[in-house]
Amino acid sequence: MNRKKSFLHRLIIITILCTLLLPPFSNIVLTFHSFQTKQIEWLNAYQEKTRPLLVQAQEPTDISHEAEGMEEEFTPNTSNLHPQWNHNMMNIAQAWADGYTGAGVSIAVLDTGFFIQHPDSSMSGGYSVFADDPWSNDHSGHGTHIAGIISAQRGSTYQGIAPDAEVFGIKIYHEDDVNEDGDVSTDVKSVIKGIQYAIDLDVDIIVISSGLSQNDAELYEIIKTAHDQGIMIIAASGNGKSSVNYPAHYDEVIAVTAVDEELNPALDIIYGKENEFSAPGVNIGGLSIPDSSYSYPYIFMSGSSQAAPHAAGLAAILMQKYGTRGEEIRKIMQNQALDIGDPGLFGHGLLQYVSDEEEKNNELAPPEEETETPEEEVEEETAIPEESNEQNDPEEVKKPSSSREADTEETEDRNDLVEFYQTDIISGENLGTLERDILALVEDKGTLQINMGEMQALFLTENQLSQIRNRNISVILAKEDVLWTIPPANFVPGEAILRFYEGAPIGVERHQDSSKGIYTISIYQKGTRHDSYPSLMKVSYDAEHFNMDELLSLRPCYWDKKERKWLHAHSEIENGRFVLETKHTTAVGFLDPELVAVNTKDNSTQKDENIPEEEIKEETKQTMYKGIIAGVVLFVLLLLGIGLFIRKNNKKRE
């Protein structure tokens, strides 16, 4: 009887111990299940909030049909809506058909860095002249775009000219060398180091899309060393300067200038006898970086910087075809270039691939030899405009007149033309128009102002836009006391629709009580609207639009579609007007700077509240491990207790 009481007594003690130990463990288990349920809810909410509205870079699907209804938020640069006219102009498809894609040729690109994570990127390696800034860090996007023109993967949205060439990226711009306007810069020593590394790699071609305004003895020595070793050096001629940049200025270097889709010289082309070739360089589609202020994964860029890699890609194709390099290929390029006019602008002419089968070559003709006009203009007489004698002076900067044909009636009496002409829009149901010959009243490099009245959109015909581009005429749209100035460089050939209205589109935070002068500007061409443009546009306000208190309290801003928030914009005062400058087509205006700061803080807070999926998984694992450990400890304690209990009972029996 005593043994039974002793056994019952110990059993009660063990039960009490289990009762004390099990609740914490049960609580851990219950907590884990509860957290697991919550984390599933958080994860679902997180995925819902972060689900992309547009196709991202890792999903190279054409989104043009899905986004057709998104009038103000659609970003056409993210889809393949722009054909590669630059390839067609140079006959690149025929080079590929003949079996030449740059295979076996190595190219070094000296630039701002290279975003190698881009799904379309195809690079063989790289190097940085800076110990603290890796070559794969492209803080500007320029280098990624240049390299992509040469070697972006074949079959991708904007495929490279020589997709099978080995391209090595050499970073010669440091991420810290950026001014307040976002312009990057470097020094001669960094350029020299980059060239030396390219020499050490024994590449076939070096591409330099940057330049100096004056000669440097050490730079020339390294250029000469590379040239003497049979390396072809290709450099951008430059943009808008008084003379061709260095190193493009050197005889050992091939200087390349830019032309547009109609074989017109770029508006900021540099005139000089050093120019050796021209290549496509206006509104060139290519690869972008995620941190781009304009668009990702693709962007349009312009300049002789974009023309130079076209020359490099063609040179790689010719090296593969003819099995030689250096000066021999240079002579072949000179012999096969298409003469399109003044050597001071175009050098030997347009670079192109010439197939051995003559019938498969381009049938391009120099602009001055064109004899046919579009059907809708067949009744108009054409004549070649007079060229200024000043263009023949290589020492003077000129934005050269176009060699395209113009209407005779536009040039009959130059004395009647004015530098600035103002006209009213012709109202329509949805789109306003201009008088057919209104541009005939404006002189070259002049300005045409259109008073919009109640209309929100203006339609420009292909012929009108051609005159604007070729004669370098700026366009101003006016709504009451607000003016939007568009430089001609921001247009591409074809028709255009310009939208300019007061207010902001759907999806933009308007803050009506804390804002002033909010207007939306948009340019539609070829059925799409770009988000950014090569030249600054101006939205200006009459000083009477603001009182002194508003002037001191508000800050010029533009709506960033990528960040989805208002960002500060550059502004200044010109002729009694407040001028806001931007390269973006979006909503612009003046906002309370404190309100903008609050929005930024709120956005960061909202991001903190969205628990990352990795953090949820990690917390789940930690909770699970704690539960398992607690269970193991409890099980061991129970075994020890039972063992001790049995052992004591056996001793008492003995």
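The values are calculated or read from the model by the stated rules, or taken from the named source; none is laboratory data. What you are looking at is a predicted structure, and each value in this text was computed from that prediction instead of being measured. Counting neighbours? That spans all protein chains shown, and the Cβs are built from the backbone with ideal geometry, glycine included. What goes into the accessible areas is simple: the full protein's heavy atoms, side chains included, and nothing from ligands, DNA or RNA. Shrake-Rupley method; radii C 1.70, N 1.55, O 1.52, S 1.80 Å.
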* Which condition number in (1) assigned to a helix (DSSP H, G or I); (2) under 20 Å from S302 (Cβ atoms) is the one that D513 fails? -> (2)
* Asked: When you go through (1) touching a Cys at 6+ places or on another chain (Cβ under 7 Å); (2) at pLDDT below 85 one by one for D513, which number turns out not to apply?
  -> (1)
* Asked: Does Y533 count as open to solvent by less than 20 Å² (accessible area, probe 1.4 Å), modelled with pLDDT under 85 and either within 15 Å of H584 (Cβ to Cβ) or not in a loop (DSSP other than H, G, I, E, B) (or both)?
  -> yes
* Structure fact -> Log entry, pairs with first residue in segment 250-277 being basic (K, R), second being open to solvent by 10 Å² or more (accessible area, probe 1.4 Å), beta carbons closer than 6 Å, six or more apart or on different chains, reads K273/P394
* To do: Output the number of residues of segment 490-499 satisfying the condition of being open to solvent by less than 30 Å² (accessible area, probe 1.4 Å), aliphatic (A, V, I, L, M) and not in a loop (DSSP other than H, G, I, E, B).
  => 2
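Considering only residues of segment 225-244 that are under 24 Å from the mean Cα position of the chain (by Cα) and part of a loop (DSSP other than H, G, I, E, B), which is surrounded by the most Cβ atoms within 10 Å (Cβ to Cβ)?
Only one residue fits best here, namely S237.
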* With respect to the numbered conditions (1) in a helix (DSSP H, G or I); (2) open to solvent by 30 Å² or more (accessible area, probe 1.4 Å), which one is the sole condition not fulfilled by I222? -> (2)
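Residues being assigned to a loop (DSSP other than H, G, I, E, B), β-branched (V, I, T) and over 19 Å from E262 (Cβ atoms): count how many of those fall in segment 418-475. Before you say what the answer is, go through the steps one by one.
Initial filter on segment 418-475 (assigned to a loop (DSSP other than H, G, I, E, B)): 425, 427-431, 434-437, 452-456, 461, 471-473.
Next, from what is left, pick out any that are β-branched (V, I, T): 425, 461, 473.
If we keep only those that are over 19 Å from E262 (Cβ atoms) too, we end up with 425.
Total meeting the criteria: 1.
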* Restricting the first residue to segment 201-229 and requiring it to be in contact (Cβ under 8 Å) with a residue 60 or more places away in the chain and acidic (D, E), which pairs with a second residue that is part of a loop (DSSP other than H, G, I, E, B) and crowded, with 18+ Cβ neighbours inside 10 Å meet a Cβ separation below 6 Å and a spacing of at least six or different chains? -> D204/V105; D204/R325
* **Selection count, segment 121-146, where residues are open to solvent by less than 50 Å² (accessible area, probe 1.4 Å), over 19 Å from the mean Cα position of the chain (by Cα) and among the hydrophobic types (A, V, I, L, M, F, W, C)** => 2
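Taking the stated definitions as given, is D202 open to solvent by 50 Å² or more (accessible area, probe 1.4 Å) and within 21 Å of G313 (Cα to Cα)? Give the steps one after another, and end with the answer.
Working: open to solvent by 50 Å² or more (accessible area, probe 1.4 Å): yes; within 21 Å of G313 (Cα to Cα): yes.
So D202 passes the test.
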* **Every residue from segment 180-219 that is in contact with a strand residue (DSSP E or B) (Cβ under 8 Å, 6 or more places away or on another chain), hydroxyl-bearing (S, T, Y) and closer than 14 Å to Y246 by Cβ** => S209, S210, S213
* Structure fact -> Scanning segment 153-169 for residues that are in contact with a Phe, Trp or Tyr (Cβ under 8 Å, 6 or more places away or on another chain) and within 24 Å of D200 (Cβ to Cβ), the one least open to solvent (accessible area, probe 1.4 Å) turns out to be G169
* **Those residues of segment 275-301 which are acidic (D, E) and crowded, with 24+ Cβ neighbours inside 10 Å, in sequence order** => E276
* To do: Would you mind finding the one in L338, L345, L364 that is open to solvent by less than 80 Å² (accessible area, probe 1.4 Å), more than 22 Å from D164 (Cα to Cα), touching a Gly at 6+ places or on another chain (Cβ under 6 Å) and at pLDDT 50 or above?
  => L338
* Would you check if there is a residue in segment 294-307 being among the aliphatic types (A, V, I, L, M), touching a Ser or Thr at 6+ places or on another chain (Cβ under 9 Å) and at pLDDT 95 or above? => yes
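Before we move on, is I317 at pLDDT below 95, touching a Phe, Trp or Tyr at 6+ places or on another chain (Cβ under 7 Å), over 15 Å from G349 (Cα atoms) and aliphatic (A, V, I, L, M)? Show your work before the answer.
On the way: at pLDDT below 95: no; touching a Phe, Trp or Tyr at 6+ places or on another chain (Cβ under 7 Å): yes; over 15 Å from G349 (Cα atoms): yes; aliphatic (A, V, I, L, M): yes.
When the stated conditions are applied, I317 does not pass them.
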* Asked: Looking only at segment 83-115, which residues are crowded, with 18+ Cβ neighbours inside 10 Å, of a type in the set (G, A, S) and in a loop (DSSP other than H, G, I, E, B)?
  -> G102, G113
* Among the candidates V188, V178, V256, which residue alone is within 24 Å of D138 (Cα to Cα) and open to solvent by less than 20 Å² (accessible area, probe 1.4 Å)? -> V256
